[in-house]
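First the structure, in the form of structure tokens, and then the observations on it.
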Amino acid sequence: MPKVTPISQRKADHIQINLDENVRSGLTTGLERYRFVHQALPDLDLKRINTTLSLFGKTLSAPILISSMTGGTEAAATLNLRLAEAAQETGLAMGIGSQRAALEHPELAKTFQVRKIAPDILLFANLGAVQLNYGYGIDECRRAVEMIQADALILHLNSLQEAVQAGGETNFAGLAKKIEEISKKIEVPVIVKEVGWGISERTAKILADCGVSAIDVAGAGGTSWSQVEMHRAEDEFTRQLAATFVGWGIPTADSILNVKKSAPGMTIFASGGLKDGLDIVKCIALGATLGGMAGQFLRVAAISTKNVVEITNLTKRQIEVTMFAAGVGTLEGLKAGKLVER
């Protein structure tokens, strides 16, 4: 059994807090501002609605991403295996949690390794971008990818989370140049992901100039990691500091539009507070390629693989019915201004 490390204990705390506490942002996603125009005569056969797409050399049955969540503990190993089993069965993409714990404690690598039960899924490795300022480089990035036989690498940005936790790693200076170096050298696509506070126009432009292959906006409106750190804090000072930022961030809908404006042509993943397939379709109509959800999957993965498959199938059906009722037969058709503001 892998030993408990400070990193793995933190990961265990994160899982439990997300399951047990209210850690939602004080902001909304902004998606509630938009609606589709109902088409009473859609001129479509619901059975022929096409939600498939190709991305990074893999075919997905629907534009759904099981967003990066966890790893580094025994409980996380079980969750990741259930999520991966469901992704394999339903043909979805999946990201895993930050692999730093496994790079520094190799005995934890197995808590991230899911290829044996999910050989065909589009799978994303994951490291904190800030680690590139704390000794990590191309070798560690390659090791993370190889560890799980990933198709792409996520470098996540969590500056505010690091700033409100005791002992956080807060040197983000000069990080863009290092992200650019990784993007040029590594053999797989690089995705840069926020963790719940969104992407500004300025950040989108910087990341596009770095040569990244995709941006996961992870906007405000869902889980707030400052709230998670508030619940994890061991002293009142840190609790109050973290609590200050419950209303911080750029809503998910605005973040998608920011990337679309400042980095035209960039592949966009939308996450941050998405509730269901209707939200995912709204994000695609705004310009995203995938819609990612985490909390919904985490809660059911704590029960069983069957429960993950059930919520996946429900989400896929929500996507199909939304497209049908909006009179759109393909994902490509969603890009043609089908949304109206309320």
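What follows is calculated from the coordinates using simple rules that are stated; it is not laboratory data. Since the model is a prediction, treat every value here as computed from it, not as a measurement. Note that we place each Cβ from the backbone using ideal geometry, even for glycine, and neighbour counts take in every protein chain shown.
In table form, for the structure just shown:
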quantity: C-alpha center-to-center spacing [the range 167-187, the range 297-331] in angstrom; calculated: 35
quantity: Linear extension gain, Glu146 paired with Ser54, 0.36 nm per residue minus alpha-carbon span; calculated: 30.9 nm
quantity: Cross-link partners of Lys335 among lysines (Cα-Cα below 16 Å; sequence separation of 8 or more within a chain); calculated: Lys260, Lys261, Lys282
quantity: For the range 6-341: rounded, prolate or oblate by the Cα gyration tensor [a/c cutoff 1.5]; calculated: rounded
quantity: Residue-averaged 222 nm ellipticity for the chain, from DSSP H runs of 4+ at -39500 (n - 2.57), nearest 500; calculated: -12500 deg cm²/dmol
quantity: Between helix 74-90 and the chain: long-axis angle, C-alpha atoms, 0 to 90°, nearest 10; calculated: 20
quantity: Entries of Lys110/Lys316; Lys275/Lys306; Lys184/Lys275; Lys275/Lys338 with Cα pairs more than 28 Å apart; calculated: Lys110/Lys316; Lys184/Lys275
quantity: Whole-number percent relative contact order across the chain, with pairs defined as alpha carbons under 8 Å at least 6 apart; calculated: 24
quantity: Exposure proxy ranking, count of Cβ atoms within 10 Å, fewest first, for Asp209, Asp276; calculated: Asp209, Asp276
quantity: Rounded, prolate or oblate (a/c below 1.5 giving rounded, otherwise prolate when a/b exceeds b/c) for the range 219-342 by Cα gyration tensor; calculated: oblate
quantity: Peptide ranges 38-51, 308-321, 249-262 listed from the most packed, as the mean C-beta count within 10 angstrom indicates; calculated: 249-262, 308-321, 38-51
quantity: Degrees separating the helix 252-262 axis from the principal Cα axis of the chain, which is the longest one; calculated: 90
quantity: Footprinting exposure proxy for Cys283, Cys210 (fewest neighbouring C-beta atoms within 10 Å first); calculated: Cys210, Cys283
quantity: On Cα atoms only, tilt of 277-286 relative to the major axis of the chain in degrees; calculated: 80
